[in-house]
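Here the structure is laid out as structure tokens; the discussion comes afterwards.
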Protein chains: 2
Amino acid sequence: MVCSSILTRANGQETKARLLRTTETLFASKGVAGVTMRVVAKKAKTNLASAHYHFGSKEAMVLEMIKSKIEPINLKRRKRLDEAKVKFADKPLPNIEIFRALIHPVGEEVEKQITNQNGIIEIIARSFTEPAEFLDKIQKRFFGELSQVFMTELKNSNPDANEEDLYWNYHLAVSSMLGTLAQHRRMIDFSVGKYNENAVSAMIDRLIIFVSNGFEAGIQIKQ
Amino acid sequence: MVCSSILTRANGQETKARLLRTTETLFASKGVAGVTMRVVAKKAKTNLASAHYHFGSKEAMVLEMIKSKIEPINLKRRKRLDEAKVKFADKPLPNIEIFRALIHPVGEEVEKQITNQNGIIEIIARSFTEPAEFLDKIQKRFFGELSQVFMTELKNSNPDANEEDLYWNYHLAVSSMLGTLAQHRRMIDFSVGKYNENAVSAMIDRLIIFVSNGFEAGIQIKQ
DNA sequence: TCTTTCTTCAAACGATTGTTTAAATAGCCT
DNA sequence: AGGCTATTTAAACAATCGTTTGAAGAAAGA
């Protein structure tokens, strides 16, 4: 009643969004351990207890942030796969088209927010460099179904391949993708002079070729 | 002077070794964050301050443990590369031989201690799933020179290749290797029934083929 | 205006962390 | 035996963490 600040109280939803954005930045640069409720609250210009009020717990807050970043990408992955299936009519998809649908959407998301401080690429990478318990939750929550979809498509495209080979090499492909994303930051430091930060999409394109050919080399046609 | 326990005092070096082993186990299953000085000391049947006495700090302790695990592997990598060079006389090495020298020693180390609880594979994987600052130290301390050696060898074997292509695809190969090692645990859970724990060496062999072919596909012969 | 609901706040709680201190103990050399 | 050094120990320190509490503040419906 006394002074009444100009911007008195935020909407509540605005505060929540601000907290999520701050969580994103911190998580991208320092991982789950680097996201402390106090720092998040302070950077989001609100209170420690307010963060708990909106999310209930730290883990819930981080998971909600990750969901908001990954789900759009997963939707795009499915969409690209469907588009490719339409484009190739009833013919089986070339393997590289399947991997393009899996990998390319990540690159696009990077391009989209090239001005943004916290790259989506770091978010995804971090998601797979966290403690096992936390990671399993993400794996099952956001990637369980998706893997089934892509695995099925690979079977369709390689009907004569040994199923065990398919599984192994699919996992090699996914692991390569994740490993590459996770190592992205370090690649910047290492290959000095040979790297410019706008070349992320070039890396993605190379990754698709790399993974697709690695995959095909590993598939032994049965009998 | 009173009761004098049977095993009074350990050698000091024995205590240090016990601390390192405990650090290894904890780090393999929970990463740096899971290594707490108190737990390490207790599991190593010594005191909290004793751990500090021997290593000075937690980070120094973990780094010394990692050094003890990684250096033998790196030595073997160099040795394999030299052996391959002898075997192929003055002819340039096939790329797959180079990647075999890089990757296979890891698999051998896994086989060697197949009874051991804490797999070396988890150690290496964890080494690349830790906070960036910690990771950079490991990168520079244990992998800086090694990368130079292998990169040079790849240049020798692909003299006509675009140097930029070589760099990119070498990094893709290394990232794939690390990603695969890091994802190894999760692969066990995911591909239920299609995986048996003795098949690690099979995975390594597949990885070598995968990476080698991915690498070669990514190299465009300059003009 | 009064009540209700949503939101924010300062403060504290309880637990855990890496690190330090200072005293006690054991082995070894003279 | 006595002194020296290396090692181990219990206890405390200082910092940080996620979470909870209880009250204050603002908006909206009656």
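The values are calculated or read from the model by the stated rules, or taken from the named source; none is laboratory data. Owing to the predicted nature of the structure, the values given are computational and were not obtained by experimental measurement. Positions of Cβ are backbone-derived with ideal geometry, glycine not excepted, and every protein chain shown enters the neighbour counts. Side chains included, ligands, DNA and RNA excluded: accessible areas come from the protein's heavy atoms. Shrake-Rupley method; radii C 1.70, N 1.55, O 1.52, S 1.80 Å.
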Problem set entry | Cα-centre dipole for region A:69-217 with unit charges at Cβ (Lys and Arg positive, Asp and Glu negative), debye to 20 | 400
Exercise. Placing a label point 7 Å from Cα toward Cβ, how far apart in nm is A:Ala60 from its equivalents in the other copies, listed shortest first to one decimal?
Worked result: 4.4
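Across the residues of A:62-70, average count of Cβ atoms on other protein chains within 10 Å? Write down the numbers at each step before the final one.
On the way: counts 0, 0, 0, 0, 0, 0, 0, 0, 0.
For peptide A:62-70, the averaged partner shielding equals 0.
How much accessible area per residue does the protein assembly as shown have, in Å², with a 1.4 Å probe? It would help to have the intermediate numbers written out before the result.
On the way: 22700 Å² over 446 residues.
I get 51 Å² per residue for the protein assembly as shown.
Nearest 100 Å², what total accessible surface is buried between chain A and chain B (probe 1.4 Å)?
Numbers: alone 13400 and 13370 Å², together 22700 Å².
That pair hides around 4100 Å² of surface in total.
To the nearest whole number, what is the average tally of beta carbon atoms from other chains within 10 Å of the beta carbons of peptide A:159-171?
Whole-number average of other-chain Cβ neighbours for A:159-171 is 3.
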For this session: Going by the rotation axis that takes chain B to chain A, pick out the residue of B with the closest C-beta and quote the gap in whole Å.
Result: B:Gly179, 1
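Taking only C-alpha pairs under 8 Å that are 6+ residues apart, what is the relative contact order of chain B in percent? Working shown, then result.
Working: 184 pairs, mean separation 48.4, N = 223.
Rounded, it is 22 percent for chain B.
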Seminar exercise, completed: Taking a crude spin-label model, label points 7 Å out from Cα along the C-beta direction, the A:Lys42 to B:Gln220 distance in nm is 4.9
For this session: Run the 1.4 Å probe and let me know the accessible area of A:Asp136, rounded to the nearest 10 Å².
Result: 40
Seminar exercise, completed: Sorting from shortest, the nanometre distances separating the label point of B:Ala84 (7 Å past Cα along the line to Cβ) from those of the same residue in the other copies are 3.0
Exercise. So, in nm, how far is label B:Glu111 from label A:Lys137 when the simple model puts each one 7 Å beyond its Cα toward the Cβ?
Worked result: 4.0
Problem set entry | 7 Å along Cα→Cβ, label-point gaps from A:Gln13 to other copies, nm, shortest first | 6.9
Exercise. How crowded by other chains is B:138-144, given as the mean number of beta carbons from other chains within 10 Å of each beta carbon?
Worked result: 1
Problem set entry | Long-range tail of P(r) for region B:7-56 (Cα pairs > 15 Å, %) | 38
Exercise. What whole number of Å gives the distance from the Cα centroid of region A:133-155 to the Cα centroid of region B:8-57?
Worked result: 37
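Are there DSSP H segments in chain A that both extend 15 Å or more along their axis (alpha-carbon positions) and score a mean Kyte-Doolittle hydropathy of at least 0.0? List them, or say none.
Helices meeting the span and hydropathy rule in chain A are A:200-217.
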Exercise. In a Debye calculation with equal point scatterers on the alpha-carbon sites of the protein assembly as shown and no solvent, what is log10 I(q)/I(0) at q = 0.09 Å⁻¹?
Worked result: -0.65
Exercise. Lys/Arg Cβ at +1, Asp/Glu Cβ at -1, dipole of the protein assembly as shown taken about the Cα centre: which of A:Ala84, B:Ile73, B:Val86 is farthest positive-ward?
Worked result: B:Ile73
